[in-house]
Each structure stands twice: as structure tokens, then as C-alpha cells.
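Participant: Below are the C-alpha cells for one structure; questions will follow.
The values are calculated or read from the model by the stated rules, or taken from the named source; none is laboratory data. Quick caveat: nothing in here was measured; it's all calculated off a predicted structure. All Cβ positions, glycine included, derive from the backbone under ideal geometry; neighbour counts span all protein chains shown.
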Amino acid sequence: MNERPVGSSYLLSDQRLGAGAMGVVYRGRDRQGNPYAIKVLRTEFAEDQVLVQKFVQERSALTGVDHPHVVVMRDLVVEGGTLAIVMELVEGHDLRAELASHGPLRPAEISSIGAAVASGLAAVHAAGLIHRDLKPENVLLDTTGGRRVPKVADFGISRIADAAAATRSTVPMGTPNYAAPEIADGKVPTGAADVYSLGIMLYELACGVTPFQGGSQLAVMRRHADDAVPRPEGIPEDLWRTIVDMTAKDPLARPTAAQVALYLSQLEQRLSGERPAPQLTDPLPTVPLVPRNTASPTAALPADTGASPTVALSSPTARMTPVPRGARVTEAAPQEESVRRGRSRGMRRFFAVAAALMVLGGAGGVFAYSQWGSDEAPDEAAERSTEATEGGETAPSGDSVEETVEATRVAAGDPTGDDAGESESATAAPSPSPEEVLAMPDLVGQSLAEAKLSLPGTEISVVEQLDPDTVDNTILAQTVPEGEEVPDSVEVTVARQPVTVYLDTLETADGYGFDTDLAHLDGETYPRSVVSDLWDDDGYGEWNLGRGYREMVALVGRSDDATGAGETVQVDVYLDGRSVWSERVQVGNPVELRIDVTDALRLRIEYTSLEEEEAYLVLGDVHLLGLPEEVPEPADE
């Protein structure tokens, strides 16, 4: 077997393990003989300086994810014309090969694989990374321990490629058959996009095809955005409900990867006796979602598709929502629709049963259920609820759970029965009992999707706060304290993972006396620094920000190389001509710079040595933070 060196620490064999859009994976080893898989990126990527720079910046994040269900990245190699990723070597095959060999998997096995992949994704998301290209080819089944362990591979690589403008036309972000609807809208994907892709993958493992495949890439993406996911025969209700929630069109309505992992792990045992669904050779017909508004007439649902017909959209603000199998379609106001979005059919049904029992006088407590917060199926909870009457009496024997649900759909605000379109009350938002709405829950630590399920009928406004240490859309604060009465609206602060852009990557618009270099402050090394030129005692620099950033962060001081520890340098920062930060710095006493740059167009930094000596000023690793959808695209080289 021939070998060649990759970097100073690794040897690459000529045995190919796989290939993809970005490069080829070979078997390799380090100088000590430890085996690795080494992915060598295509030559044109090594020639793209923007990508190389991003490659280096992302190194610590990519190699910092260590999880049993993630293919661990051990090292990144940048050497001359070679870019390579050194990864854990997984002995086994991928999910694509598994599906090709065995056809649709058993529901319990789908739940087990899905739980493992979701837990791996949760670790990736916690590190501030998004996979962006989850599909069966990127899930490996490791067989080294005598059992198959799913591992997520190639996370974060699309993010690096997407940072380089030169690669945009050659490397698609994600695979269309698994891509979330927001990607078709040009939005920067979050962890919710990975959850969507996993939901599509579970669908494929269940029936053998993806729901929207076929035709051009544009046609596939349109169906992701516009069409309801058609239900194949043979998928158990609990698994199907999970897939539906994961593939919600609205990213905020989807559960988090951590929630999916917990629920699917609990679902595995429940589905242990279920057989695989019949294999499909072609995708089922899809039907566009129903645009809802108060003016549109009721339309009947075709009984053989499980999806809803198209109704003319009379309002540009009307929302689009799939309708459960066997239901009639009634149009609802946008505010009502926001209450419904993200709630599973099983959850609606449970609240209907609870309302019925309360009306009958048999309920002895508060009813609450969330698929993502309980290991009990809605149907099981509903059946047990019928036995919760006073004195241990059950509901009248002539009324089954289904009959009770049917009799109280209107009272519970669930317009999915046959008479949903015949009464105005059938389209009213659910009216929770006083016990359910009296006290505001503690939302801090929940995801935004969980909060919306906890507060049906309450308008939730969102303030975004950059937080690199917290998973996207985790609630950090709420305006209404826990225990107070639930109001009509509440504001929550949610965490957002920032994009980091180092100032040394931006072109200077004007100035003199500044350079970029590695620097030392107070015994620490800062490789991405803006520094004063060697012989200058004053200077300034200006950069165009274009309202794309939220915060600027740096450690400011005089270099450890400076002489005259008592000498002082004055540093001033201006945004659009307005002074926002002013400090005097000396050797050994660096100060933190952290300023709000929201909506700032122009940044100016000035420095002056008060002793008229060389400044030796350092802005250590000065960088800008912003939201993915707001940060400007990198300029073409």
C-alpha cells in the first residue's frame, strides 16, 4: 500500500473510503500508527483564500465536538495546496447502504437510529455548529464494538464552503431532497434545519423514498416549502406524529434535536413489536398546504391522500397549515393559526378529551400534555384521563374516547371534525380552563417552540441576544415573571449563536499607522490582532460595517514587547462619528473592549501615545459578532 505525507504528522494511503462534492476520503494514519480517515478537499478550495481563512478559524469548533454519535474530527491540515480533515476512522457502512440492502426499517430501529443521530446533532448544535447536509450518506454505522452505533459525519463542512464566495456556484448548501424550506428562501439555516433533514431521513427509513423527490432541484425545493408531507401506509401513529412535528414548515415550530433524541429513545421500546411499513418505489402524490384566512370557504379533504387541497389565498398574510387526515378544512384568522402551528394532532386530541371530562364533572385535576415533555403517548394519556373522575368512576360505558373527542371538538377549539365548517365556534382558538392559564410558567431554559406550546393563545414577541454558549432559540429571559397571570402577549429574550468576523479580514477604508499581526498581551498570544505600526506614536483606521454587526470585542493594551511600562496610549473608538469608547492603556494592564455596534455604518479607531513614543498598541483578536442572516457576505477576492 502506497503512502504519502499530509502535513507533518500524517500519512495518506491510496485506499479510497468515499468521495463527495468537497473531496475524497482516504484511509490514513499518524506517525505513531493510529488509523484515521483523512478527507482531502478539492484543489480549488485550497486556492480560495477566503475558504482557507475560514478553515483555520473553525478549527477549534470542529475539533471540539466529542460525542459517541458523532464522527470526531481530530485535526485540520493546511499545507501549501492541501486542505485536509483528519477524522475518526469508522469501520462499517452508511445508512444509504443499509437502506439499499434491507429496505424500510422496523419502527423501533428507526426510533433508535433517529435518537442516536439527534443526540449527535444536539452536541454539534451546542458547539455552535450546524450540519447543513444531513442525509443517509452522512450517517455511518460503526460496527467495531460488535453492535451498530450510528455516527453523524461531515458536520460543519458546508458552513466552511459557504463562507467562500468563489465556491457558491459549485457547492450546493445541502442536498435538495433533505433541505429545509427556509433554505429555499435564502435564509441562513439554524439547528432547526438539521431537525427537518432528520425528519425527512426518518421518513425515508420508514418507507424507502423521500417525500418530495423527483424533477428539478427547484421543483423539489418548492415542494418542501409548499406541500404537505404525504403519509405512507404502515407508519405507526407515534412515529408519524414525530416526523410531522420535525418537518414543520416553520423552523420555530420544530422541536430541538435534544428533544427529538429524548422522545425517540422513549418511543423505541413502545414500537418494539411493530413491523416495517411497505416499501415505496415512487413518492406519493403531494398536495399544496391550505392557505388559511377568514374569508375562504370550507373545502373537503380528499380521502385517499391525507393531504389538503389547494384553496385560493385571499390574504397575503394568511398562513399555510396541513390538515389532518379525514378532516374538513376551515379557514382561520392568522392569530388563531399561530396558536395551532407546531401542535401535533395527538396533542389537540388530548386537550379535547380533557375538556370533555371537565364538562362532565369528572376531571379531578389540571390536564396538560406535550409530546416533547412526556414519555406518555397522547392516546394513552387520554384513555387514563377518562378514569380520573371523582370516586374512581369512569366515563359512561357507552362513550368511547373517540366518541367523547368527537362530541367536544367544538368546545375544545379543534375544528377537525366533520362539522368543523358549520359553526363559527368550531374555528375559535382553544379556551383553556382557568387552571391552565392562571399562572405564567417559567420559560427560561425552554426552546422557543416549547414556549409557544406552553402558551396557546398568547402572542410571543422575541428579542434576540447573541450568546455563543447557548443553543439557538433557548429562552434567556421573560418579561412576565413566573407565577403571574398569563397576559395576551409576552416578550422573551432568546439566545442566538453569533457569527464571528475578525476585523483583520475587513478591508480598511481609510487610515494609517495600523497593521495586522500576531501579538502578545499580558503573557497571552493573540493571532488575529490589529496593531500599531512599529515606529508610529499615533494613527487611526476606518472600516465600513454596513449595519451588519451587533457587537465588537477585543482586548486592548500595549504589547508585551513595548518598553517604558509607565507610558500611556490613549485609544478612542467612534461609530458614525460618535465617540463610544475611550481608554488609556499601559504595559501589563490590558482592558476589555466590548461595545454595541448595532446599525453602525462606519467604525473608526484612533490611538495616540501621550509620551510621544512608539505606541506598541494591540487590539488583541478584535472581532465583530452578528447574526447569520445579517452579517455581510465576504467580498470576492
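Participant: Surrounded by 15 or more Cβ atoms within 10 Å (Cβ to Cβ) and over 18 Å from D510 (Cα atoms): is that true of S609 in this structure?
Facilitator: Criteria met by S609.
Participant: For region 179-195, state whether one or more residues are at pLDDT 95 or above, assigned by TED's automatic domain parsing to the domain that holds G114, under 18 Å from S112 (Cβ atoms) and surrounded by 24 or more Cβ atoms within 10 Å (Cβ to Cβ).
Facilitator: Yes - at least one qualifying residue is present in region 179-195.
Participant: Just need a number here: residues in region 132-152 that are modelled with pLDDT under 90 and on the phi < 0 side of the Ramachandran plot.
Facilitator: From region 132-152, those modelled with pLDDT under 90 are 132-133, 143-148; that's our starting set.
Cutting the leftovers down to on the phi < 0 side of the Ramachandran plot gives us 133, 143-145, 147-148.
Of the residues in region 132-152, 6 are modelled with pLDDT under 90 and on the phi < 0 side of the Ramachandran plot.
Participant: Is it the case that some residue within region 12-19 is crowded, with 19+ Cβ neighbours inside 10 Å and either touching a residue at least 24 places away in the same chain (Cβ under 8 Å) or assigned to a loop (DSSP other than H, G, I, E, B) (or both)? Steps first, answer last, please.
Facilitator: So the first thing to find is which residues in region 12-19 are crowded, with 19+ Cβ neighbours inside 10 Å, and the list is 12.
The next check asks that each one be either touching a residue at least 24 places away in the same chain (Cβ under 8 Å) or assigned to a loop (DSSP other than H, G, I, E, B) (or both); those that pass are 12.
The answer is yes, given that some residue of region 12-19 is crowded, with 19+ Cβ neighbours inside 10 Å and either touching a residue at least 24 places away in the same chain (Cβ under 8 Å) or assigned to a loop (DSSP other than H, G, I, E, B) (or both).
Participant: Out of region 448-470, which residues are within 15 Å of the chain's Cα centre (by Cα), surrounded by fewer than 19 Cβ atoms within 10 Å (Cβ to Cβ) and farther than 30 Å from H623 by Cβ?
Facilitator: None - no residue of region 448-470 is within 15 Å of the chain's Cα centre (by Cα), surrounded by fewer than 19 Cβ atoms within 10 Å (Cβ to Cβ) and farther than 30 Å from H623 by Cβ, so the list stays empty.
Participant: Only one of (1) closer than 17 Å to D533 by Cα; (2) modelled with pLDDT under 95 fails for V571. Which number is that?
Facilitator: For V571, the failing item is (2).
Participant: So which of R594, R558, R550 is under 32 Å from the mean Cα position of the chain (by Cα), crowded, with 16+ Cβ neighbours inside 10 Å and at negative phi? Working first, answer last.
Facilitator: Numbers: R594 fails: crowded, with 16+ Cβ neighbours inside 10 Å; R558 fails: under 32 Å from the mean Cα position of the chain (by Cα).
Residue meeting the stated conditions: R550.
Participant: Would you confirm whether or not region 290-300 contains a residue that is crowded, with 21+ Cβ neighbours inside 10 Å, at pLDDT below 90 and either aliphatic (A, V, I, L, M) or in the same structural domain as P68 (by TED's automatic domain parsing) (or both)?
Facilitator: Looking through region 290-300, at least one residue is crowded, with 21+ Cβ neighbours inside 10 Å, at pLDDT below 90 and either aliphatic (A, V, I, L, M) or in the same structural domain as P68 (by TED's automatic domain parsing) (or both).
Participant: How many residues are of a type in the set (G, A, S), surrounded by 18 or more Cβ atoms within 10 Å (Cβ to Cβ) and over 28 Å from T190 (Cα atoms) when one looks only at region 471-528?
Facilitator: Let us first name the residues in region 471-528 that are of a type in the set (G, A, S), namely 477, 483, 489, 495, 509, 511, 513, 519, 523.
Cutting the leftovers down to surrounded by 18 or more Cβ atoms within 10 Å (Cβ to Cβ) gives us 495, 513, 519.
Remaining after also requiring over 28 Å from T190 (Cα atoms): 513, 519.
Summing the residues that are of a type in the set (G, A, S), surrounded by 18 or more Cβ atoms within 10 Å (Cβ to Cβ) and over 28 Å from T190 (Cα atoms) in region 471-528 gives 2.
Participant: Out of region 459-473, which residues are touching a helix residue (DSSP H, G or I) at 6+ places or on another chain (Cβ under 8 Å) and of a type outside the set (A, V, I, L, M, F, W, C)? Outline the logic, then answer.
Facilitator: Initially, region 459-473 is screened for residues touching a helix residue (DSSP H, G or I) at 6+ places or on another chain (Cβ under 8 Å), giving 459-460, 462, 471-473.
E459, D472, N473, listed by residue number.
Participant: What are the pairs, 6+ residues apart or on separate chains, where a residue within region 443-466 that is on the phi > 0 side of the Ramachandran plot has its Cβ under 9 Å from a residue that is at pLDDT 85 or above?
Facilitator: If the second residue must be at pLDDT 85 or above, the pairs left are G445/T474; G445/I475; G445/L476; G457/V486; G457/D488.
Participant: Are there any pairs, at least 6 apart or on different chains, whose C-beta atoms fall under 6 Å, with the first in region 534-550 and over 18 Å from G564 (Cβ atoms) and the second of a type in the set (V, I, T), and if so, which?
Facilitator: Taking only residues 6 or more apart or on different chains, the pairs are G541/T508; G541/I605; G548/V631; Y549/V597; R550/T598.
Participant: Working carefully through the options E606, E613, find the one that is in a loop (DSSP other than H, G, I, E, B), in contact (Cβ under 8 Å) with a residue 60 or more places away in the chain and of a type in the set (D, E). Let's see the steps before the verdict.
Facilitator: Numbers: E606 fails: in a loop (DSSP other than H, G, I, E, B).
When all the criteria are applied, what remains is E613.
Participant: I'd like the full set of residues that are closer than 20 Å to G234 by Cβ, out of contact with any Gly (no Cβ under 9 Å at 6 or more places or on another chain) and not charged (D, E, K, R), limited to region 79-106. Don't jump to the end; show me each part of the working.
Facilitator: Step one: list which residues in region 79-106 are closer than 20 Å to G234 by Cβ, which gives 95, 98-106.
Now drop any that are not out of contact with any Gly (no Cβ under 9 Å at 6 or more places or on another chain), which leaves 95, 98, 100-102, 105-106.
Residues satisfying the conditions are L95, A100, S101, H102, L105.
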